[in-house]
Amino acid sequence: MMLEKRGQFFLIAAVIIIVAVVSIITVTNYTQKKDNVRLYDLGQQLGIESQNVLDYGTYSELNDSQMKVLMENFIKNYHAYAGGDKNIYFVFGNSQKINVIGYQDITAESVCIKLNPNERNTNCTEYTTIGTTQEYLSGGVTISKVAIDIGGNEYQFSLKKGENFYFVIWQKVGGEKHVVTS
């Protein structure tokens, strides 16, 4: 009878240890997945909200400088909402003038902006003013595409008629780089 109770004790102890280990692994996996899902959710929200802001500016018939102020305020508020641990670049403007505003970790990769990439003599202008808007003028040529090169990875955006808004959000999670674009 003593041997049976001793065996039951070891069996119960083993079950408790297994439950504890499985619980820790489940919580760890759930936490890691939640960070990735939040990044993709931010991308979806940003796509919807930016379209509403652009629609407001268009229907209100804002001029270029008013539209720039509207977009800068929206971007500043959105960056505060998204959190500072994400690297975010916003591209907005039209076929004559492109504005880029970026928020990036200081140790992150170099960033370069190209107007009309894949054409001959396309210059790459380094983006260096983190947190402020940097303007890129067409120089008399219609801008049809904009590319952001982040650490050797290029993200291209085709411009549509009127005002445009694009973004690149990236974050390193567990040694992996996760990217969301519009």
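Readers should treat all values here as calculations from the given coordinates under stated rules, not as data from a laboratory. Only a predicted model underlies this, so the values are computations on that prediction, with no experimental measurement involved. All Cβ positions, glycine included, derive from the backbone under ideal geometry; neighbour counts span all protein chains shown.
Observations on the model:
- When the C-alpha to C-alpha distance is required to be over 24 Å, the pairs from LYS97/LYS172; LYS86/LYS114; LYS68/LYS114 that qualify are LYS97/LYS172.
- Full extension of the segment from THR58 to THR181, taken as 0.36 nm per residue of separation minus the current Cα-Cα distance, would add 42.0 nm.
- Global form of region 37-181, assessed from the alpha-carbon gyration tensor, a/c cut-off 1.5: oblate
- Ranking PRO117, VAL53, ASN63 by how far each Cα lies toward the positive end of the dipole of region 37-181 (charges on Cβ) leaves PRO117 at the top.
- The amide H of PHE167, built 1.01 Å from its N in the peptide plane, has VAL91, SER182 as neighbours under 5 Å, considering only residues 5 or more places off or on other chains.
- If R0 is taken as 35 Å, the Cβ-Cβ distance between ARG38 and PHE10 corresponds to a FRET efficiency of 0.25.
- Long-range HN-HN contacts of SER110 with modeled amide H, under 5 Å: GLY151
- Over region 37-181, relative contact order from alpha-carbon pairs under 8 Å, at least 6 apart, %: 25 percent
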